[in-house]
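> Mind having a look at this structure? Questions to follow.
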Amino acid sequence: MKNQFAEAWNKMVDKLGSWFDALVLSLPNIIIAIVVFIISLIAAKYISKGFRRVLERSNLQNSMKNLIAKIISVVVIVLGLFLVLGVLNLSKALNTILAGAGVAGLAVGLALQGALANTYSGIILSYIKNLKFGDWIESNSYEGEVVDINLRAVTIKQADNNLVLIPNKLVVDNPIKNYSTTSQSRVILSCGVGYESDLRAVKKLTMDTILHNFDEVENIKDIIFLWTEFGDSSINYQLRFWLNSTNALEVAKAKSESIMLIKEAYDSNNVNIPFPIRTLDVSNNVNDLLRENQSKVTP
C-alpha cells in the first residue's frame, strides 16, 4: 500500500514538474499575450473615441453613433483576443471557442428574439431622416415630442408632459405621422349656425374674426370656409387656416382661442349656435288619462 502511494505521489510530482517546466518555457509567450491584450484594450478605447468624433460630423442619431463606436471597440478587443490565442499556441482552443460561440449565439438569439427585433428596429430608426429629436409625431395612438431614440424604444413627451416609451419594433411596423416635416400646421374647426341665419354674413363674420386675431393669417384667401351639411338643428360648416407651428399643443391652443373668438363674435352679432332640441308629442288619450287621474286625486 505504501509503495503504491509513493508511486502515485512520484507520478504527481513528475506531472507537476512537467507543468512547471512548460509554464517556465511559455512564460515569455504569456507575458507577450498579457501585453497584447492590454494594448488591445487601450487601442479599443481610443479607436472608439476617434470614430465617435468622426461620426459627430454626420447626421446619424446619437444612438447610432454610440452603437457604431461600441461595435468598433468590440471588434478591436476580439482581434486582440485572437492574437493572444495565437501567441499562446492555442489554435485548437480557438476553433473550439468559435464552435461554442456559434451554438451559444443561436441559443441567445432565440431567447432574445424580441429584444433583438427592437435593436434592429432601433438601427433602422437611426437612419430615418424624417424622424429626429424634437419632432412632434403620432404613432401607435400616442402623440408627443421625440426626446430620445435608443436601441430599445422611442421616447416621446406628450402634451401633458408625461413620457411614453414605444418599442422600436412597433414604431417601425406601424404608421408614423410626423407633424414636424413641414413648417406649418393646419387648424381645423367645425361648427354650425341656426337655419334662420344669413349664411353669407356668417361666413364673412367668421373669416374676419380669424383674419384680425391670428398673425399667421395675412390674407382672407388664407382661410378656407366650407358649408358642409344641413344638420338636424343647424347648418354646419368647417373652417381651416394655417398656423406657423408644428407643435400639436400650439395647434390645440389656436383652435381653443378661435372657438372663444368666434363665440364672442356670434354673441355680439346675434348669430345663434343651436343645440339639439327634442319635442315630445303627447297623444290626446294620454292627456285625457292624466286629467282623469288628476280629478280623482283632487278632493
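Values in this text are rule-based calculations from the coordinates and carry no lab data. Keep in mind that what you see is a predicted model, and the values were worked out from it rather than measured. FYI the Cβ positions are ideal-geometry reconstructions off the backbone, even for glycines, and counts take in every protein chain you see.
> What FRET efficiency, computed as 1/(1 + (r/R0)^6) with R0 = 41 Å and r the Cβ-Cβ distance, is obtained for Phe37 and Ala117, rounded to the nearest 0.05? Let's see the in-between values first.
Details: r = 34 Å, r/R0 = 0.83.
That pair, Phe37 with Ala117, gives E of 0.75.
> Which of the pairs Lys49/Lys132; Lys177/Lys255; Lys49/Lys177; Lys65/Lys169; Lys157/Lys203; Lys204/Lys255 have their Cα atoms more than 28 Å apart in this structure?
Details: Lys49/Lys132 23 Å; Lys177/Lys255 20 Å; Lys49/Lys177 35 Å; Lys65/Lys169 20 Å; Lys157/Lys203 38 Å; Lys204/Lys255 19 Å.
Distance filter (> 28 Å) returns Lys49/Lys177; Lys157/Lys203.
> Roughly how far apart, in whole Å, are the Cα centres of the range 167-229 and the range 133-158?
Value for the Cα centre distance between the two parts: 25 Å.
> Right, here's the next one. How far apart, in nm, are two points set 7 Å out from the Cα along the Cα-to-Cβ line at Tyr195 and at Ile128?
4.9 nm
> State the volume of the convex hull built on the alpha-carbon positions of the range 119-201, expressed per residue in Å³ and rounded to an integer.
Working: hull volume 11.0 nm³, N = 83.
Convex hull of Cα atoms, per residue: 132 Å³.
> Once the other residues with Cβ under 14 Å from the Cβ of Lys177 are scored (Lys, Arg +1; Asp, Glu -1), what is the net sum? Each step should come with its number before you reach the end.
Numbers: positive: Arg186; negative: Asp135, Glu138, Glu143, Glu145.
It works out to a net charge of -3.
> Which net charge results for the neighbourhood of Asn247, defined as the other residues with beta-carbon distances under 12 angstrom from its beta-carbon, given Lys and Arg at +1 and Asp and Glu at -1?
Details: positive: Lys157, Lys253; negative: Asp135, Glu143, Glu145, Glu250.
Taking every Cβ under 12 Å from that of Asn247, the sum is -2.
> Here is a follow-up. Using a simple spin-label model with points 7 Å from Cα along the Cα→Cβ vector, what separation in nm is obtained for Val75 and Asp148?
2.8 nm
> Using 7 Å Cα-to-Cβ label points, what is the Glu218/Glu257 separation (nm, one decimal)?
Label-label distance for Glu218 and Glu257, simple model: 1.8 nm.
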